[in-house]
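S.K.: Structure in structure tokens, see below.
The values are calculated or read from the model by the stated rules, or taken from the named source; none is laboratory data. Keep in mind that what you see is a predicted model, and the values were worked out from it rather than measured. Backbone-built Cβ (ideal geometry, glycine too); neighbour counts: all protein chains shown.
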Amino acid sequence: MTDTGYPAWGDTGGTPPQADDPRPPRVDRRTADRRRMGRWLLASGATTAAAVVVGVALTAQFGAASACAAPARLAAAPPTGTSTHTGKATYYDSQGNGGNCSLPTAPADHRYVALGPSEYSAGAACGGYLDVTGPKGTVRVLIMDKCPECAPGHLDLSKEAFAAIGNPTQGIIPITYRAVVDPPTGPLTFRMKEGSSQWWFAVQVGSHGNPLRSVEARPAGGGSWRSAARQDYNYWLVDNGLGPGPYAIRVTDVYGHQVVATGIRMTPGQVQRSTVTMYGAAARRAEPTRTTARATPVATASPTAAVTPSSTPAAADPAVADQAAPLAAAAPVPTPARCG
């Protein structure tokens, strides 16, 4: 089956979009001109040799396969914290498309990256940033895509990002990379998915800088917070809807920063830009005074959408504190059991 970059609806637990709500058209990552020079440069003999080396290394580290021990499995989580990772980079061209993270377009500077399934982590990595260092220097890239065939440590960079740190004629270069914690970013944006309605709530949060841990929503007039379910394609869903809106949306990232934006309207396909930031000086200034600001959707008349940050992020609401721990605290990779 051709990989469209989207999971089947039955696999995500979400509700299919309406018949008149086709998903955003996107270039198929597996058939598009990805410009992966490394694939063309590696001869079959070199590939076979590499496989032998990997097999020998694994055998030396873990020993021969045993009937009493299952193979170790990597924990699926996006890169977070301050750890430095070692790997390799190839490159491709999204042709302006926003990737599996469903961004409206690729970033203006064309510096982005696709991660393998483990590090992409079913969309949990979307919107985060990595600093990637290669032979020629370091480049900062936005995580916006999934590379289905990439193993952990293999980054598929945009051709512009690759050229900033390596020679494109090499095709594959050695790299190190690390997550960027609290990168400079603008105010949060909210985009209701095409086909969203009072009966089916689907929102994408943008410009959050760090990977997100949770998104909750409720009618702006009050009521209980409803947890939205993260989808592989970077939208957050409440299957039964939340009414016609407007809404309050509470956003929490993996480091515990938390803000609340209110006045978000049911305007499918339009980006609503707020003045609320996840962290930094602007967020701190807003907390003591409880000032309100206006959010303006792109290409629409200005709404009266007030945005307010929550209380100090470190003292998160109990409803959020009871949820799963931040992704940064993912369990370590288990080690193989020994027999006898």
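S.K.: Please report, ordered by residue number, the strands (runs of 3 or more DSSP E) entirely within the stretch 112-155 with at least 2 residues that are small (G, A, S) and either assigned by TED's automatic domain parsing to the domain that holds S102 or modelled with pLDDT of 95 or more (or both).
M.R.: Answer list for the stretch 112-155: none.
S.K.: Within the stretch 130-141, track down each residue that is surrounded by 24 or more Cβ atoms within 10 Å (Cβ to Cβ) and either of a type in the set (D, E, K, R) or within 11 Å of the chain's Cα centre (by Cα) (or both).
M.R.: none
S.K.: A follow-up question, please. Would you be able to tell me the number of residues in the stretch 222-238 that are more than 18 Å from G206 (Cβ to Cβ) and buried (at least 21 other Cβ atoms within 10 Å of the Cβ)?
M.R.: Of the residues in the stretch 222-238, 1 are more than 18 Å from G206 (Cβ to Cβ) and buried (at least 21 other Cβ atoms within 10 Å of the Cβ).
S.K.: Would you check if T90 is in contact with an Asp or Glu (Cβ under 6 Å, 6 or more places away or on another chain), more than 18 Å from T189 (Cα to Cα) and among the hydroxyl-bearing types (S, T, Y)? Please lay out each step first, then the result.
M.R.: Working: in contact with an Asp or Glu (Cβ under 6 Å, 6 or more places away or on another chain): yes; more than 18 Å from T189 (Cα to Cα): yes; among the hydroxyl-bearing types (S, T, Y): yes.
Against the criterion (in contact with an Asp or Glu (Cβ under 6 Å, 6 or more places away or on another chain), more than 18 Å from T189 (Cα to Cα) and among the hydroxyl-bearing types (S, T, Y)), T90 qualifies.
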